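These notes are about the structure you will find just below.
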Amino acid sequence: MLKGRHLIEPGDFSLDEIESIMQLADNIIANPEGYSLVCKGKLLASLFYEPSTRTRFSFEAAMLRLGGEIIGFDDPSNSSVSKGESLGDTIRTIECYSDIAVIRHPREGTARLVSKFAKEMPIINAGDGGHEHPTQTLTDLLTIRKFKGGCDHHVVGVCGDLLFGRTIHSLVKMLNRYQGVKFVFISPKELRMPENILGHLDAHVYTETDNLDEVIGDLDILYMSRVQRERFVSEEEYLRLKNYYVLDKKKMKNAKADMIVMHPLPRVNEIATEVDDDPRAVYFNQAKYGMYVRMALIAKLLGVEDKK
């Protein structure tokens, strides 16, 4: 069903197709050894034009745990890009050697462009500028399923940098496809959710505020995000906004007993380390689920999920 497809944004897959990825991730978590050789003889090209820890490591760990191997770079200056090679030529060349590719790039729309050059090799978008980050969204969905039992009928608070947060943009668009989900967008006015994302939502499903304390008690899920220094033109503006929200034990006292706190990581100061011991803090579990859901995605796109 998904063999040979690209994943550029979450909307590329139907909810049934996403559910099939979730179910395979569940199977892998339950029986990782059963999937340890499904990608034997396959190569993943890891093309990171922008720094990454969790996304790059989780993709590479996913491919290795499936029995495959990895080629690629995490610094474009170590590739022929530094010699002036075009993105199209890079992809056409890599397709000669690889079965599947994952790309992260600072420029919006790059992943979609890359997919037009790849004739047979599936392309996975690992983040393109402030636009989309679909595999983080799959990670988030799996985490919500594990801790909340499903993705329907939740009040989801999204807090921090909503303007540049590609993880947030992808998640909101995806969760809006589920039943009964309502959003509370929490940000300073300078970092509000952009109109192109709000345009996907009916007016009755979201509210906007700059006050986390006033709304934390209403939330089933609190999704925190850092203020992204790399997206700011003005260092002064970044420094003014970077600590606008800090989630600490005091704020957590006003939250529901079963609310979960999520974060795509890395965090800076927006979640105090004292919150890490709270059982509602699930962001490191979230990071681990990212590996499993990427294992499932790779297996699906290569069409090897049933080979054991």
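Which count do you get for residues in segment 46-62 that are assigned to a helix (DSSP H, G or I) and of a type in the set (A, V, I, L, M, F, W, C)? So that I can check it myself, show each step before the final result.
First, the residues of segment 46-62 that are assigned to a helix (DSSP H, G or I): 54-62.
Then keep just the ones that are of a type in the set (A, V, I, L, M, F, W, C); that gives 57, 59, 61-62.
Summing the residues that are assigned to a helix (DSSP H, G or I) and of a type in the set (A, V, I, L, M, F, W, C) in segment 46-62 gives 4.
Looking only at residues in segment 175-222 that are touching a residue at least 40 places away in the same chain (Cβ under 8 Å) and farther than 24 Å from residue 282 by Cα, which one is nearest to the chain's Cα centre (by Cα)?
Selected residue: 191.
Find the residue count for segment 110-150, including only residues that are acidic (Asp, Glu) and surrounded by fewer than 18 Cβ atoms within 10 Å (Cβ to Cβ). Walk me through how you get there before you give the answer.
Applying the first criterion (acidic (Asp, Glu)) to segment 110-150 yields 120, 128, 132, 140.
Going one step further and asking which of them are surrounded by fewer than 18 Cβ atoms within 10 Å (Cβ to Cβ), we end up with 120.
So the answer is 1.
Tell me, yes or no, whether segment 121-135 has at least one residue that is among the small types (Gly, Ala, Ser), touching a His at 6+ places or on another chain (Cβ under 6 Å) and touching a residue at least 12 places away in the same chain (Cβ under 8 Å). Give the steps one after another, and end with the answer.
The first filter runs over segment 121-135 and keeps only residues among the small types (Gly, Ala, Ser), leaving 126-127, 129-130.
Of the ones still in play, those that are also touching a His at 6+ places or on another chain (Cβ under 6 Å) are 127.
Checking the rest, the ones that are also touching a residue at least 12 places away in the same chain (Cβ under 8 Å) come to 127.
Yes - at least one qualifying residue is present in segment 121-135.
Cβ-Cβ under 7 Å, sequence separation 6+ or interchain: first residue in segment 22-36 and within 15 Å of residue 290 (Cα to Cα), partner of a type in the set (Phe, Trp, Tyr) and surrounded by 13 or more Cβ atoms within 10 Å (Cβ to Cβ). Which pairs?
If the second residue must be of a type in the set (Phe, Trp, Tyr) and surrounded by 13 or more Cβ atoms within 10 Å (Cβ to Cβ), the pairs left are 25/292; 28/35; 28/292; 29/292.
Condition test on residue 162, is it out of contact with any helix residue (DSSP H, G or I) (no Cβ under 6 Å at 6 or more places or on another chain), in the same structural domain as residue 250 (by TED's automatic domain parsing) and touching a residue at least 12 places away in the same chain (Cβ under 8 Å)? It would help to see each step written out before you state the result.
Numbers: out of contact with any helix residue (DSSP H, G or I) (no Cβ under 6 Å at 6 or more places or on another chain): no; in the same structural domain as residue 250 (by TED's automatic domain parsing): yes; touching a residue at least 12 places away in the same chain (Cβ under 8 Å): yes.
Answer is no for this residue.
If I filter segment 121-129 for residues that are assigned by TED's automatic domain parsing to the domain that holds residue 255 and over 25 Å from residue 2 (Cα atoms), do I get at least one hit? I'd like the intermediate steps shown before the answer.
Our first condition is that a residue be assigned by TED's automatic domain parsing to the domain that holds residue 255; within segment 121-129, this holds for none.
No, segment 121-129 contains no residue that is assigned by TED's automatic domain parsing to the domain that holds residue 255 and over 25 Å from residue 2 (Cα atoms).
Touching a helix residue (DSSP H, G or I) at 6+ places or on another chain (Cβ under 8 Å), in the same structural domain as residue 255 (by TED's automatic domain parsing), part of a loop (DSSP other than H, G, I, E, B) and under 29 Å from residue 244 (Cβ atoms), is that true of residue 140? Give the steps one after another, and end with the answer.
Working: touching a helix residue (DSSP H, G or I) at 6+ places or on another chain (Cβ under 8 Å): yes; in the same structural domain as residue 255 (by TED's automatic domain parsing): yes; part of a loop (DSSP other than H, G, I, E, B): no; under 29 Å from residue 244 (Cβ atoms): yes.
No, not satisfied.
Assuming residue 89 fulfils every condition listed in (1) acidic (Asp, Glu); (2) at pLDDT 95 or above; (3) surrounded by fewer than 23 Cβ atoms within 10 Å (Cβ to Cβ); (4) in a helix (DSSP H, G or I) apart from one, which condition is it?
(2)
Quick one: is residue 295 aliphatic (A, V, I, L, M), touching a helix residue (DSSP H, G or I) at 6+ places or on another chain (Cβ under 7 Å), buried (at least 22 other Cβ atoms within 10 Å of the Cβ) and over 12 Å from residue 24 (Cα atoms)?
no
For every residue, the table says whether it meets (1) surrounded by 14 or more Cβ atoms within 10 Å (Cβ to Cβ); (2) at pLDDT below 95; (3) under 17 Å from residue 304 (Cβ atoms).
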{"position": "5", "(1), (2), (3)": "yes, no, yes"}
{"position": "10", "(1), (2), (3)": "yes, yes, no"}
{"position": "26", "(1), (2), (3)": "yes, no, no"}
{"position": "52", "(1), (2), (3)": "yes, yes, no"}
{"position": "73", "(1), (2), (3)": "yes, yes, no"}
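Tally up the residues in segment 166-189 that are loosely packed, with under 14 Cβ neighbours inside 10 Å and either under 20 Å from residue 247 (Cα atoms) or not polar (S, T, N, Q) (or both), please.
Keep residues of segment 166-189 that are loosely packed, with under 14 Cβ neighbours inside 10 Å, which gives 179-180, 189.
Checking which are either under 20 Å from residue 247 (Cα atoms) or not polar (S, T, N, Q) (or both) leaves us with 180, 189.
The number of residues fulfilling the criteria is 2.
Within segment 249-274, count every residue that is in a loop (DSSP other than H, G, I, E, B) and in contact with a strand residue (DSSP E or B) (Cβ under 9 Å, 6 or more places away or on another chain).
Step one: of segment 249-274, the residues in a loop (DSSP other than H, G, I, E, B) are 253-259, 263-270, 272.
Of the ones still in play, those that are also in contact with a strand residue (DSSP E or B) (Cβ under 9 Å, 6 or more places away or on another chain) are 255, 259, 263-264, 267, 270, 272.
Residues that pass the stated criteria total 7.
Can you list the helices (runs of 4 or more DSSP H) lying wholly within segment 165-221 that have 3 or more residues being modelled with pLDDT under 95? Let's see the steps before the verdict.
Working: elements: 166-175, 195-198, 212-215.
Here the list reads 166-175, 195-198.
Looking only at segment 115-137, which residues are modelled with pLDDT under 90 and touching a strand residue (DSSP E or B) at 6+ places or on another chain (Cβ under 9 Å)?
Passing the criteria: 127, 128, 129, 131, 132, 133.
Residue by residue through segment 259-283, note down the ones that are under 14 Å from the mean Cα position of the chain (by Cα) and either modelled with pLDDT of 95 or more or surrounded by 14 or more Cβ atoms within 10 Å (Cβ to Cβ) (or both). Talk me through it step by step, then tell me what you get.
Quick first cut of segment 259-283, residues under 14 Å from the mean Cα position of the chain (by Cα) only: 262-266, 283.
Once the filter is applied, which keeps residues that are under 14 Å from the mean Cα position of the chain (by Cα) and either modelled with pLDDT of 95 or more or surrounded by 14 or more Cβ atoms within 10 Å (Cβ to Cβ) (or both), segment 259-283 yields 262, 263, 264, 265, 283.
Name every residue in segment 28-45 that is surrounded by fewer than 21 Cβ atoms within 10 Å (Cβ to Cβ), among the aliphatic types (A, V, I, L, M) and outside any loop (DSSP other than H, G, I, E, B), in order of residue number.
Those that are surrounded by fewer than 21 Cβ atoms within 10 Å (Cβ to Cβ), among the aliphatic types (A, V, I, L, M) and outside any loop (DSSP other than H, G, I, E, B): 29, 30, 43.
The values are calculated or read from the model by the stated rules, or taken from the named source; none is laboratory data. Here the structure is a predicted model, which is why all the values come from computation and not from measurement. Neighbour counts run over all protein chains shown; Cβ positions are idealised from the backbone, glycine included.
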